[in-house]
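A.B. asks: Input: one structure, supplied below.
The values are calculated or read from the model by the stated rules, or taken from the named source; none is laboratory data. Since we're looking at a predicted model, the values are computed, not measured. Using ideal geometry, Cβ is built from the backbone for each residue, glycine included, and neighbour counts are taken over all protein chains shown. Note: accessible area is taken over every heavy atom of the protein model, side chains too, but ligands, DNA and RNA are not part of it. Shrake-Rupley method; radii C 1.70, N 1.55, O 1.52, S 1.80 Å.
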Amino acid sequence: MKSPATHLRKHHFVTALAVSGIVLLGCASKVQIQVPANFHGHVHIVCTGMTKDASAKILVDDSGAAQVNDCPLRQTDAVVTQPGAATPLNTAIMWTTTGDGLVREINFDIR
């Protein structure tokens, strides 16, 4: 017979595993936009192609521009990161779309 402590540890492990999976799935569905370290200014991303995979990673160059073949098909959640920053940057992202909702451009400012 297993001791109550062993049963409790197994329960905590299963709970931690489930929570980790939920967190990973939540992050995977967001577009990751990475700006250069210490970048400040306007970011302009032109979508030259699209993907149904919402977990695309977009790398912005030193001028704040990017032409991307893997933009999300539709407006979705996005996380803006910067090397050396401990947390994602807080910025208002503006999505430019076609009349039927397809993403054409992504714009925002880093202050």
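So that you can scan it fast, the table gives a plain yes or no per residue for (1) surrounded by 14 or more Cβ atoms within 10 Å (Cβ to Cβ); (2) at pLDDT below 50; (3) among the basic types (Lys, Arg); (4) under 14 Å from the mean Cα position of the chain (by Cα):
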| site | (1), (2), (3), (4) |
| --- | --- |
| His7 | no, no, no, no |
| Val14 | no, yes, no, no |
| Ala18 | no, yes, no, no |
| Val23 | no, yes, no, yes |
| Ser29 | no, no, no, yes |
| Asn38 | no, no, no, no |
| Met50 | yes, no, no, no |
| Asp53 | no, no, no, yes |
| Leu59 | no, no, no, yes |
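A.B. asks: Please verify whether Ala66 is exposed (fewer than 15 other Cβ atoms within 10 Å of the Cβ) and out of contact with any Phe, Trp or Tyr (no Cβ under 7 Å at 6 or more places or on another chain), treating the condition exactly as stated.
C.D. replies: Here the answer is no, as Ala66 does not meet what is asked.
A.B. asks: Would you check if Thr87 is modelled with pLDDT under 95 and open to solvent by 30 Å² or more (accessible area, probe 1.4 Å)?
C.D. replies: Spelling it out, Thr87 is indeed modelled with pLDDT under 95 and open to solvent by 30 Å² or more (accessible area, probe 1.4 Å).
A.B. asks: Follow-up. Which one is nearest to Asp53 (Cα to Cα), of the residues in the stretch 90-106 that are open to solvent by less than 40 Å² (accessible area, probe 1.4 Å) and in contact with a Phe, Trp or Tyr (Cβ under 8 Å, 6 or more places away or on another chain)?
C.D. replies: For the stretch 90-106, the residue satisfying everything is Val103.
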